[in-house]
Structure formats: structure tokens, C-alpha cells
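Derivation of every value follows stated rules applied to the coordinates shown; laboratory data play no part. All figures in this text were calculated on a predicted structure; none of them were measured in a lab. Positions of Cβ are generated from backbone atoms using ideal geometry, with glycine treated the same way; all protein chains shown enter the neighbour counts.
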Protein chains: 2
Amino acid sequence: MKEAKQRSTCPVSTSLDLLGDKWTLLIIRDLVFGGKSTYGEFLQSAEKIATNILADRLTLLETQGMLTKVVAPDKKSKFIYRLTEKGIDTVPILVTLLLWGVKHGPTVIDPGLLKEIQTEPAAAIEKYQRLVREKALLPLE
Amino acid sequence: MKEAKQRSTCPVSTSLDLLGDKWTLLIIRDLVFGGKSTYGEFLQSAEKIATNILADRLTLLETQGMLTKVVAPDKKSKFIYRLTEKGIDTVPILVTLLLWGVKHGPTVIDPGLLKEIQTEPAAAIEKYQRLVREKALLPLE
DNA sequence: ATATTTACTTGCAATTTGCAAGTCAAAGGT
DNA sequence: ACCTTTGACTTGCAAATTGCAAGTAAATAT
């Protein structure tokens with residue numbers, strides 16, 4: 001599993017030490033914008049993450065305090081993953097990546113969401129952070 | 001070299017297709033905040049990128065239109081790398097990564113720069129984008 | 001002429017990724 | 001009770017990527 005070493009004291013570098021790969025931020029995207037919260041749901045995303053990579057990243061994110069794992073109230077064999085405040089703090093990163101992707105790549109995105117994020121990025125960030133925070137407090141799905 | 005495929009049409013995903021690794025954004029950081037612009041200067045950064053990885057990422061960034069390569073006016077054996085507008089558009093990503101790193105990791109950063117970025121992120125982003133843009137128009141160093 | 005600088009390449013070993021298949025406990029169906 | 005399905009992982013291995021260390025080659029410098 002690994003992935004612990006800090007390459008330097010630069011804050012950009014330390015962020016990339018944890019978030020700088022092709023999958024980690026996609027899992028967080030699914031949690032924030034995809035309404036997903038279980039292993040099986042993450043597997044279904046369009047990018048088709050491999051099962052071993054997903055398991056690796058989930059335990060990594062958990063050990064790094066980005067998310068918590070809890071058994072589903074309706075099913076003891078199911079787990080629900082929720083972002084911690086540390087994880088919720090990555091929403092601005094997701095949003096800036098989204099805006100750059102929209103501008104420079106061939107992408108498809110819900111027009112309503114795009115307009116919301118483009119016109120008032122700061123407000124949109126706060127809104128989705130609030131939504132995911134509230135969801136974490138619900139009586140569990 | 002590789003690195004071309006688009007995994008999905010999600011803008012977050014397409015951004016990560018190009019920027020989602022441990023080194024690419026560090027090179028851009030050096031260009032924006034480090035005042036660096038040559039192969040040798042990138043090699044000197046604290047994270048100690050390997051020479052083959054650096055060469056790979058530079059050609060990748062060049063083919064993707066993120067930066068341009070031009071011979072130095074004073075030395076024909078030296079090249080100067082400059083960000084394109086597409087590359088300059090990644091500054092908001094760098095800044096959000098920086099702010100997350102400052103908040104959640106043990107990092108060291110110039111207090112003046114930090115205060116500037118923390119109090120008025122949008123203004124700071126515009127300022128550094130302008131600075132790197134102006135530098136690209138200078139009579140070359 | 002010789003040495004040094006600058007920008008890479010090349011040759012592996014080690015690590016990481018990506019499939020495909022297998023395991024295992026808990027639910028659900030009959 | 002027994003069999004099937006669901007959900008969450010593990011395991012085995014080939015392929016791709018990364019990380020050293022060393023080597024190449026064209027310009028400059030001495």
C-alpha cells in the first residue's frame with residue numbers, strides 16, 4: 001500500500017504526496033458530487049477503477065484521516081464511507097480541476113451545475129461542502 | 001512517454017488525465033512561484049525529480065500545449081520553458097493545493113506569500129497569472 | 001586543446017497498475 | 001435448512017511506470 005513519505009516542505013508538494021495520482025480525487029468527487037458512498041458505488045463510476053486500487057486508496061484515505069468507514073445501518077455486510085472535514089476541505093481543489101477541465105478538454109457536464117460553479121465558484125464550493133457535511137450527519141441511509 | 005487516453009468525459013477526470021501525478025504540477029509550480037524556467041533549474045528543486053521523468057513530463061506538457069520551449073538568447077545550448085495560457089490557467093489549481101497543504105500538512109512557506117494568498121486568493125491568482133504572463137513577453141532573460 | 005556546462009538518453013531494478021479470478025461473510029429466496 | 005446473490009475485498013501475475021546511476025552530445029568556457 002505505502003504512500004507516506006513527504007518529499008519536501010512545500011505545501012503544493014505535500015498535497016500532491018497524498019492527492020497526486022489519477023484515482024484518489026475521483027473517489028472524493030464521487031463522494032461530493034456523485035452522491036456515492038460505498039465500495040460498490042465507486043466501482044460503477046465511468047472511469048472503471050480496479051478493485052485492488054480502490055481498496056488501496058480507501059484504506060489510504062482512511063489512515064490519512066480524509067474519510068471514515070462505518071457499517072451501513074441496514075446491512076451489516078455493507079460499509080458507508082464519509083468525508084471528514086479534512087476531506088471536505090479538498091472541494092476547492094475539485095472545483096478548480098473541474099473548471100480547468102471544462103475550459104481545456106472535451107467534457108460533458110450537467111449545464112445547471114456548470115453554470116452554478118462558473119458564476120459563483122466560492123458560493124458553490126460552500127454549498128457542496130455544506131451538503132456533504134449535512135449528509136454525514138443524517139440518520140444514515 | 002504516452003499518457004493520452006481520456007478515461008471519461010467528466011471534467012475532473014480529464015484534468016487528472018494530464019495533471020494527476022506527483023510531478024507535473026510541481027514543474028508548473030516552479031514556473032509560476034519558483035521563478036524557474038530551465039531543465040537544470042527544475043532539477044534543483046527540493047523534491048529531486050529524476051532526469052528521465054523531468055524530460056518525459058516536459059515533452060508531455062509541450063505536446064499538450066501547456067508550455068513552449070525556446071532556445072535561450074544568450075546560450076544556444078540552453079532552453080527556456082514558458083507557460084502558455086492553457087498552462088497559466090492551472091494557477092487556481094496550484095493555489096487550492098497550496099492552501100490545503102498549508103492547512104493539513106507540516107509545511108514551510110514564505111509568510112508574506114501565505115498571507116497574500118489566504119486573505120485574497122482570487123486577487124493573488126490574478127496577480128501571479130499576470131506576472132508569469134508578463135515574464136513570457138519580456139525580451140527573454 | 002581540454003574541461004565544463006546544459007540537456008537529455010539509456011539500461012535496468014524496483015515499484016505500481018491493471019486485469020481476472022477467487023474468497024468470505026451476510027442477506028435473500030424457495 | 002439450503003442455495004444463490006450481494007458486497008467487499010484479496011490474490012496472482014503481466015504490463016507499465018518510476019527511480020537511480022551512468023552515458024551521450026552539442027555548446028561554451030579556460
*Can you figure out the FRET efficiency of residue A:120 with residue B:4, using R₀ = 51 Å and their beta-carbon distance, to the nearest 0.05?*
0.90
_Ordered shortest first, which distances in nm separate the 7 Å Cα→C-beta label point of residue A:62 from those of the other copies?_
4.6
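Over the whole of B:85-92, what's the average partner chain Cβ count within 10 Å per residue? Rounded to a whole number, please. Kindly include the intermediate steps, with their values, before the conclusion.
Working: counts 1, 3, 1, 0, 5, 4, 2, 8.
Per-residue shielding by partner chains comes out at 3.
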*If you rank A:127, B:75 by fewest surrounding Cβ atoms within 10 Å, what's the result?*
B:75, A:127
*Of the cross-linked pairs A:36/A:86; A:22/A:69; B:22/B:76, which ones have a Cα-Cα span greater than 20 Å in the structure shown?*
A:22/A:69; B:22/B:76
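What helices does chain B hold that run 15 Å or longer along their axis, going by alpha-carbon atoms, with a Kyte-Doolittle average of -0.5 or more, using DSSP H for the helix calls? Could the numbers behind the result be given before it?
Numbers: long enough: B:51-63 (18 Å, 0.34); B:91-104 (20 Å, 1.54); B:121-137 (24 Å, -0.39).
Passing helices, by number: B:51-63, B:91-104, B:121-137.
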*Label point 7 Å beyond Cα along the C-beta direction, distances from residue B:46 to other copies (nm, shortest first)*: 3.7
*Let me know the charge dipole size of the protein assembly as shown about its Cα centre in debye, to the nearest 20, where only the beta-carbon of Lys, Arg (+1) and Asp, Glu (-1) is charged.*
440 debye
*Identify, for chain B, the residue whose C-beta comes nearest the rotation axis onto chain A, and round that distance to whole Å.*
B:96, 2
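For residue A:70 and residue B:109, what does the FRET efficiency come to when R0 = 30 Å and r is the distance between their Cβ atoms, rounded to the nearest 0.05?
Details: r = 35 Å, r/R0 = 1.18.
Efficiency computed from Cβ-Cβ geometry: 0.25.
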*Between the label point of residue A:4 and that of the same position in each other copy, find the distances and list them shortest first in nm, with every label point placed 7 Å from Cα along the Cα-to-C-beta direction.*
4.0
